[in-house]
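Only one structure is covered here, and it is reproduced in the block below.
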Amino acid sequence: MSKRTSATIKHRGGIRFCGIKNLSLRGLHDAALLSLALLGMGGPACVRAQSNEATIRFDKATQVFRIDAADTSYILGINENKQVQTLYWGKRLPAGDSFPPAHSDPGMSSFDASNNTTQQEFVAWGGGLYIEPDLKVTFPDGNRDLVLHYVSHSIDGNQLVIVMKDISREVFVKLHYQADEATGIVRRSAEVENRTSDPLTVEQIASGTWNLPRGTDYRLRYLTGRWAGEWALHEQPVQPGKTLLESRRGSTGDQNNPWFAIDKNGANDQDSGDIWFGALGWSGSWQISIEQDQVQQVRITGGPNSFDFGYRLASGAKLQSPYFYAGYSHDGIGSASRLLHRFELGSLLPHAPSPKLRPVLYNSWEATEFNVDEAGQEALAEKAASVGVERFVVDDGWFGQRASDRAGLGDWYVNPVKFPHGLKPLIDKVHSIGMDFGLWVEPEMVNPDSDLYRKHPDWTLNFGGRPRTEGRNQLMLNLARSDVRAYVFAALDKLLNENDIAFLKWDYNRNWSEPGWPAVAPEEQKRVYVDYVRNLYAILDELRTKHPSVEIESCSGGGSRVDLGIMQYTDEMWPSDNTDAFDRLQIQDGFSYVYTPGVMMAWVTDSPTWVNQRTLSLEYRFLSSMQGALGIGANLNHWKTEDFTTARKMVSDYKQIRETVQRGSLYRLVSPQNESEQSVTESVSADRRQAVIFAFLHSSQKFYPYPRIFPRGLNPEVRYGMTALAGKLTSGQPALASGAYWMQQGFDVDLRGDFQAAAFVLQSTGD
Ligand code: DGJ
C-alpha cells in the first residue's frame, strides 16, 4: 500500500504533479491523465496524476478509508457513533481529494432514529432497526439485541479488514474488503466470531450493504428464469419499498440469478451513464434485497437467504459469509458487463488470469439420451472428429443400472452391459482420433432405485418419518454430512484415477425439499444450508487439486447453478437445456449481463428443435452457438454429407475467431430482448485487431432493410478489412477502412426473410 503524502513530484518537462508518493504510471487511464496534464487541461496550478492500481489508505485524522482501484473509488469512514459509514461509491476521484469525517445522520423523527437513516456498511439488528439488517442473532438467554461498533482495522495491499464488536457482548465481526486492480470490483464478506462462553444462533448474515448516493430516479435490472427459459432480463424503477431477489431452493436456482445492476433511469444506455452492479458468489439459497428506504436512500444487502436460516455458532466458532462482489462504471451497462467478464477471466475462474480457451466439444445427450453404449458412442466420436471437434463427452446413462431417469444415480460404476470392457476402449478410440474425453456425472443425487439408497436411505435430505418429495425420480444426498462428502469425493476420485478423463460435466437436476438432517440435534439441523455448499466447494477443490488437468462444467438441468461462487471451481457453465438457436439469442444475451461468453457453452443441435419444433438452418444454429463456447449436440447419424461440409467450415472458422469471442470485449449492438426482430453482437479482441459481428434476423417486415450495423470498440486509427463468415454485405461497401469509418458510417447487411443469420470479421491490416 502506498501512503498519502504531500509530496510534489517534478516532471522533467517542468510540469508539476501534486499528490501521491510511489506514483506509478500504468495503463491507459494514466496515459490519458498524463496527456491531459501535458495539454494543460488538468487544472490551473498543479495536476494530480494518479495510477489505476488498487490502493487502500486510511486517514487517521478524519478516520476515513479510501479504496481506489481502476476507475472506481469506494470511501467509508468511522463516524462519531463508531459506525462504519459509506461516504462515496462511484467514479474514481483525484488522489488529492480528501473527505471530511463521517457524521451519522440525525434521524428523521422519533419513529426513525439515526441508526436507520445513517448509511452503514454493516448493521446488526438491534437498537431499533427497521431496515434490512446485515446480521441478526439470538443468544441463549433470549437477548436478540446486537449493536456493532468499530474496534480496529488492518490494511494489507488491496485488502482491508475492519473489526467491529457488540457494545457489551463478546461478539466480533470482521468486515473484509478486497479491491480488484483491473476492474475496480470490490469483494466483500463478513465473518462473525462468537467469543462468548455459550453458543448463539445466527439467523441472518449478509456479506454487507452497498449504499448508493441518495436518489429517487434509479432503475434496477435483474434476471429471472425457469427450466428451459433462463436468463430473462427485466428492468423496473427502484421505488419506495423493497425488492427481494432470492433463491429458497438450496442452490442458486434460475428463478432469479444473484445479480443486480442499478443505473439512473433515462440517463443510461449500453455505453453511457453511471451504473452500480454486483453479484453474489454463493451456490446455496441466497437473497439480495434492494431497498429504497423511508428517507429515499437506496441500499443493497445480500448474502445467504435468511428464510429458514439458523446457524448455531458454538463458543469460539466463526461463520464467514459468502463473497459479494460489486463494481461501478461510468460507461453504461455494456461496460458493467465487460468489467464482470474481465474480472471473471482475470481473477475468478480456476485458471485465472489465463483460463484455457474452451475446446469445441461434442455431447451425445440430445442424440442418444440414456441409450449410450460403446459402439454407438464410437460411431458418433468418429463423425464428431471429422468436423474438427476437440472434446467428446458421454452424457447421462453410462453408469449403474441407468436405463432411464428412474434408476442408477449414486452408483458410479460403469454399466457392464453398455460398456462390457469399461470405458477404456472408447476413451482410447476418442484419443486416437484427436479428441480428449469427458463424462457426465450428477454426484449430489440418488435414485431410490439404486444400490446406494438401498444401503444408505439415511443419507438423503429428509425430515424423519415424513414423505421425501422426488424430482425427476431422485432425492438429494445431504452433502453436509461428512460420510456423504467422503463418498462423493471417493467415487469421483476413483473414476478419474481409473480413466483418462479430461472433463466432467457436473449436473444437478432438482431443487431441495424437506431439508432436514435427522442425524444431528434439532438446533444444528439448519447448518445444512451452509455446510452443504461448503462441502460442495471442498469436493470440487480437492478434486481439482488431485487432478489438476481435469476441467469441470457447472450444469443444473440448464442454468440453474451459475454464480460467482461455483465459478471459482468450474471452467464453464451450461446456460440452458433450451438449445433452440433462436431462443438462445435472448438466453445468451441475458447470461452475458453477468457472465463471460468465455464460459458460456452453446451447442448446435437438431432441427426442428425439440423445444419449439422450430426449423432453423444449420448455418443459423452454428452462428448462434459461435457467440459463446461452441459445442455440437446434434445426432450426427442423421446428418447428410452437406451438413458435415457446413460443420467443418463453421468449426474451422470458429477456431479463427474463438479467442476474440471467448476473451474479447462484448458489445451488444442490437438487443434481442423485448421481442426484437434483430439481434447483433460484436466481440472485439483484447488487442483490438479483430472484431467479430454476428447478426440475426427473426423476420423481415414490409420490405424494410436490416438496420445498419455500427461496430464499437475498434481502434479508430487502424484500418480494418471486412470479410463475411456467413451472409453478405450490401454492395458498395469499402473493402478496407479505418476503425473510425466503420464505427461512424457503419455497414449494411443483406438479410431478409425468416430466421436468417450472418457473421462478419473486421481484421486490422496491421498499419
Ligand atoms: C440435464 C442437462 O442439462 C442435460 O444437458 C443432460 O445432461 C441431462 N441433464 C442428462 O440427464
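The values are calculated or read from the model by the stated rules, or taken from the named source; none is laboratory data. Treat the numbers as computed from the prediction; the structure is a model and nothing was measured. Here Cβ is always computed from backbone atoms with ideal geometry, including for glycine, and neighbour counts include all displayed protein chains. Side chains included, ligands, DNA and RNA excluded: accessible areas come from the protein's heavy atoms. Shrake-Rupley method; radii C 1.70, N 1.55, O 1.52, S 1.80 Å.
Residues in segment 229-244: is at least one of a type outside the set (Gly, Ala, Ser), open to solvent by less than 30 Å² (accessible area, probe 1.4 Å) and over 15 Å from the mean Cα position of the chain (by Cα)? Let's see the steps before the verdict.
Taking segment 229-244 as the starting set, the residues that turn out to be of a type outside the set (Gly, Ala, Ser) are 230-231, 233-240, 242-244.
If we keep only those that are open to solvent by less than 30 Å² (accessible area, probe 1.4 Å) too, we end up with 230-231, 238.
From what's left, over 15 Å from the mean Cα position of the chain (by Cα): 238.
The answer is yes; a qualifying residue exists.
If you go through segment 377-387 and keep only what is more than 16 Å from the ligand (Cβ to nearest atom), assigned to a helix (DSSP H, G or I) and open to solvent by less than 30 Å² (accessible area, probe 1.4 Å), you end up with Ala381, Ala384, Ala385.
Screening Val192 with (1) crowded, with 17+ Cβ neighbours inside 10 Å; (2) over 17 Å from Val530 (Cβ atoms) gives one miss only, at (2).
Taken over segment 544-566, residues that are surrounded by 22 or more Cβ atoms within 10 Å (Cβ to Cβ) and assigned to a helix (DSSP H, G or I) amount to 1.
Go through His421, His431, His456 for me and flag whichever is over 29 Å from Ser560 (Cα atoms), open to solvent by less than 80 Å² (accessible area, probe 1.4 Å) and more than 16 Å from the ligand (Cβ to nearest atom). Steps first, please.
On the way: His421 fails: open to solvent by less than 80 Å² (accessible area, probe 1.4 Å); His456 fails: over 29 Å from Ser560 (Cα atoms).
On inspection, the qualifying residue turns out to be His431.
Of all residues in segment 516-534 being within 22 Å of Lys455 (Cβ to Cβ) and outside any loop (DSSP other than H, G, I, E, B), which is nearest to the ligand (Cβ to nearest atom)? The extreme case among them is Tyr532. The residues listed here are Gly739, Gly753; of these, the one that is surrounded by fewer than 14 Cβ atoms within 10 Å (Cβ to Cβ) and at pLDDT 95 or above is Gly753. Remark: pairs (first residue in segment 439-450, of a type in the set (Asp, Glu); second residue more than 13 Å from the ligand (Cβ to nearest atom); Cβ separation under 8 Å; 6+ apart in sequence or on different chains) = Glu444/Met476; Glu444/Leu477; Glu444/Leu479; Glu444/Val488; Glu444/Leu536; Asp449/Gln401.
For Val147, the criteria (1) open to solvent by less than 50 Å² (accessible area, probe 1.4 Å); (2) closer than 30 Å to Asp308 by Cα; (3) modelled with pLDDT under 95 hold in every case but one, which is (3).
You will find that of Ser513, Ser576, Ser592, Ser549, the residue that is within 16 Å of the ligand (Cβ to nearest atom) and of a type in the set (Ser, Thr, Tyr) is Ser576 and no other. Quick check: anything in segment 477-498 within 16 Å of the ligand (Cβ to nearest atom), touching a strand residue (DSSP E or B) at 6+ places or on another chain (Cβ under 9 Å), more than 21 Å from Trp286 (Cα to Cα) and not polar (S, T, N, Q)? There is no residue in segment 477-498 that is within 16 Å of the ligand (Cβ to nearest atom), touching a strand residue (DSSP E or B) at 6+ places or on another chain (Cβ under 9 Å), more than 21 Å from Trp286 (Cα to Cα) and not polar (S, T, N, Q).
Applying the set (1) closer than 28 Å to Ser560 by Cβ; (2) buried (at least 19 other Cβ atoms within 10 Å of the Cβ) to Leu200 leaves exactly one unmet item: (1). Residues of segment 456-497 that are assigned to a helix (DSSP H, G or I), under 19 Å from Val530 (Cβ atoms) and out of contact with any Leu (no Cβ under 8 Å at 6 or more places or on another chain): Ser482, Asp483, Ala486.
None of Met108, Met164 is surrounded by fewer than 16 Cβ atoms within 10 Å (Cβ to Cβ) and at negative phi except Met108. Restricting segment 459-471 to residues that are away from the ligand (no atom under 16 Å from the Cβ) and among the charged types (D, E, K, R), the residue that is surrounded by the fewest Cβ atoms within 10 Å (Cβ to Cβ) is Arg466. Residue pairs whose Cβ atoms lie under 8 Å apart, sitting 6 or more positions apart in sequence or on different chains, and linking a residue in segment 355-372 that is closer than 16 Å to Glu442 by Cβ and open to solvent by 30 Å² or more (accessible area, probe 1.4 Å) to a partner that is outside any loop (DSSP other than H, G, I, E, B) and within 12 Å of the ligand (Cβ to nearest atom), are Trp365/Trp440. Entry remark, segment 100-123: residues being in contact (Cβ under 8 Å) with a residue 24 or more places away in the chain and either touching a Phe, Trp or Tyr at 6+ places or on another chain (Cβ under 7 Å) or among the hydroxyl-bearing types (Ser, Thr, Tyr) (or both) number 5 in total.
Whether any residue in segment 353-367 is of a type in the set (Ser, Thr, Tyr), within 16 Å of the ligand (Cβ to nearest atom) and either touching a strand residue (DSSP E or B) at 6+ places or on another chain (Cβ under 8 Å) or assigned to a loop (DSSP other than H, G, I, E, B) (or both) is what I want to check.
Taking every residue of segment 353-367 in turn, at least one turns out to be of a type in the set (Ser, Thr, Tyr), within 16 Å of the ligand (Cβ to nearest atom) and either touching a strand residue (DSSP E or B) at 6+ places or on another chain (Cβ under 8 Å) or assigned to a loop (DSSP other than H, G, I, E, B) (or both).
Within segment 614-669, track down each residue that is small (Gly, Ala, Ser) and away from the ligand (no atom under 16 Å from the Cβ). Ser617, Ser624, Ala647, Ser652, Gly664, Ser665 - these are the residues of segment 614-669 that are small (Gly, Ala, Ser) and away from the ligand (no atom under 16 Å from the Cβ). For Glu717, the stated conditions do not hold, so it cannot be described as closer than 28 Å to Ser607 by Cα, open to solvent by 70 Å² or more (accessible area, probe 1.4 Å) and either out of contact with any Phe, Trp or Tyr (no Cβ under 8 Å at 6 or more places or on another chain) or part of a loop (DSSP other than H, G, I, E, B) (or both).
Condition check: closer than 28 Å to Pro597 by Cβ and away from the ligand (no atom under 16 Å from the Cβ). Does Glu390 satisfy that?
yes
If the condition is being away from the ligand (no atom under 16 Å from the Cβ) and open to solvent by 40 Å² or more (accessible area, probe 1.4 Å), then segment 434-453 contributes Gly434, Asp436, Asp451, Tyr453.
Among residues of segment 626-639 that are closer than 18 Å to Ala757 by Cβ, those with a beta-carbon under 9 Å from a residue that is within 16 Å of the ligand (Cβ to nearest atom) and open to solvent by 20 Å² or more (accessible area, probe 1.4 Å) at least six positions away or on a different chain give the pairs Ala634/Glu366; Ala634/Ala367; Ala634/Asp606.
Within segment 165-202, the set of residues being among the aliphatic types (A, V, I, L, M) and under 30 Å from the mean Cα position of the chain (by Cα) comprises Val173, Leu175, Ala179, Ala182, Ile185, Val186, Ala190, Val192, Val202.
Does Asp493 satisfy the criteria of being of a type in the set (Asp, Glu), farther than 24 Å from Gly633 by Cα and touching a helix residue (DSSP H, G or I) at 6+ places or on another chain (Cβ under 9 Å)? Steps first, answer last, please.
On the way: of a type in the set (Asp, Glu): yes; farther than 24 Å from Gly633 by Cα: yes; touching a helix residue (DSSP H, G or I) at 6+ places or on another chain (Cβ under 9 Å): yes.
Yes.
Trp412 - would you say it is within 15 Å of the ligand (Cβ to nearest atom), open to solvent by 10 Å² or more (accessible area, probe 1.4 Å) and touching a residue at least 24 places away in the same chain (Cβ under 8 Å)? Spelling it out, Trp412 is indeed within 15 Å of the ligand (Cβ to nearest atom), open to solvent by 10 Å² or more (accessible area, probe 1.4 Å) and touching a residue at least 24 places away in the same chain (Cβ under 8 Å).
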